[in-house]
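Notes follow the structure.
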Amino acid sequence: MTDIDENPVPLRAVIVGAIPGQPPRVFKEAARYAKLFGAPLIVAHVDVTRFVTYEDPDGYVHSAPIDVDIAVGEMQLRAVQHDAESALEGAGVEWTVTQLVGDPALAIKHLAERAQARLIVVGTRRRGLGESIREFFTGSVAARLAHRQSRPILVVPLEDPVGDDEELWPA
């Protein structure tokens, strides 16, 4: 597993926040904007099972696992890599995958600063009671990004929107 600071960061890139199993639509929208901007695409997965312990003066980030089993983060990174490869095949943009650690909104914000990102792309949360409870306690990554940095953010719906007469959480 690598932290972002071990690798050079493409400048003026479009960044897409990615999670395993994310619908291809999010990757494809990010690639579309990267192509429009003539910019590289950074697919960023944040390993929330690790946290930043300290950062060296040269920018290298040291992290430690919350749990002893660090294989979870590595498996998630491989899944994101696979999802990105499938979704971005033939997209016509230069792209890389990187793994960050810690709080997703803060990690993506710091990556965007380092990359001088042109745009940040994230997906909405999935529907369901479990996701609503998680978001209640941790907050929306998109909303937290919108309030903590100055770059434009594109929020891509993961599913067809809920109609006005539909239940938000069907039984």
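Of the strands (runs of 3 or more DSSP E) entirely within the stretch 1-112, those holding at least 1 residues that are more than 25 Å from Pro152 (Cα to Cα) and modelled with pLDDT under 90 occupy 50-55, 61-65. The set of residues in the stretch 98-117 that are surrounded by fewer than 21 Cβ atoms within 10 Å (Cβ to Cβ) and not small (Gly, Ala, Ser) comprises Asp103, Leu106, Lys109, His110, Glu113, Arg114, Gln116. For beta carbons closer than 6 Å, sequence separation of 6+ or different chains, a first residue in the stretch 75-87 that is under 11 Å from Pro24 (Cβ atoms) and in contact (Cβ under 8 Å) with a residue 12 or more places away in the chain and a second that is surrounded by 16 or more Cβ atoms within 10 Å (Cβ to Cβ) and among the aromatic types (Phe, Trp, Tyr), the qualifying pairs are Ala84/Phe27; Ala87/Phe27.
The values are calculated or read from the model by the stated rules, or taken from the named source; none is laboratory data. What you are looking at is a predicted structure, and each value in this text was computed from that prediction instead of being measured. Neighbour counts are summed over all protein chains in view; Cβ atoms, including those assigned to glycine, are modelled from backbone coordinates with ideal geometry.
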